Amino acid sequence: MSKVGESILRGLEQAIAFADGTGDPADYVVHIPPEIDVRAIRGRLGMTQQQFAVSFGFSVNTVRHWEQGRRVPEGPTRAYLLVIDREPETVQKALRIA
């Protein structure tokens, strides 16, 4: 088997172990950036502060404070903002009322 094939197989085995709970948690590291640029995320989405706040469950004042540097998002919120940045449609779909 090629090195690429071995790497893919190893990744699949790790994914299965993680999914079924048999993997070692020490093998999985979550990276949450120490800083996140809310204005840049909002800009990439082409949203106003109001639209961004309503779409993702923030208050407009909170978004303004983040963008003006008066406050910074805490760890879990930074993680949420990272997911919004990478998969905005998925987040919006998950938050939509059925």
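The values are calculated or read from the model by the stated rules, or taken from the named source; none is laboratory data. What you see is a predicted model; the values in this text were computed from it and never measured. In this analysis, Cβ positions are derived from the backbone assuming ideal geometry, glycine residues included, and neighbour counts consider all displayed protein chains. Remember, those area values only see protein heavy atoms, side chains included, never the ligands or the DNA or RNA. Shrake-Rupley method; radii C 1.70, N 1.55, O 1.52, S 1.80 Å.
Against the criterion of solvent-accessible heavy-atom surface with a 1.4 angstrom probe, Lys93, Lys3 sort, most first, into Lys3, Lys93.
Sites listed here are GluC sites (Glu not before Pro) in the stretch 37-98 whose DSSP assignment is loop and whose Cβ has at most 10 other Cβ atoms within 10 Å: Glu74.
Only protein heavy atoms count here; under a 1.4 Å probe, Arg70 has an accessible surface of about 150 Å². For the chain, the per residue solvent-accessible surface stands at 74 Å², with DNA, RNA and ligands left out and a 1.4 Å probe.
With respect to the chain, whose longest principal axis is taken over its alpha-carbon atoms, helix 3-20 is tilted by about 70°. Relative to the first principal axis of the alpha-carbon coordinates of the chain, what is the inclination of helix 75-86, with its axis defined by its Cα atoms, in degrees from 0 to 90 and to the nearest 10? Tilt of helix 75-86: around 80 degrees.
In this view, the solvent-accessible surface of Val83, computed with a 1.4 Å probe and all protein chains in place, comes to about 70 Å². Under a plain spin-label model, where a point goes 7 Å from the Cα along Cα-to-Cβ, how far apart in nm are Val4 and Thr48? Each label point is offset 7 Å from its Cα along the Cβ direction, giving 4.9 nm. Taking 7 Å steps out from each Cα toward its Cβ at Ser59 and Val30 produces label points 2.5 nm apart. Residue ranking by accessible heavy-atom surface, 1.4 Å probe, largest first, among Ile97, Ile16, Ile32 comes out as Ile97, Ile16, Ile32.
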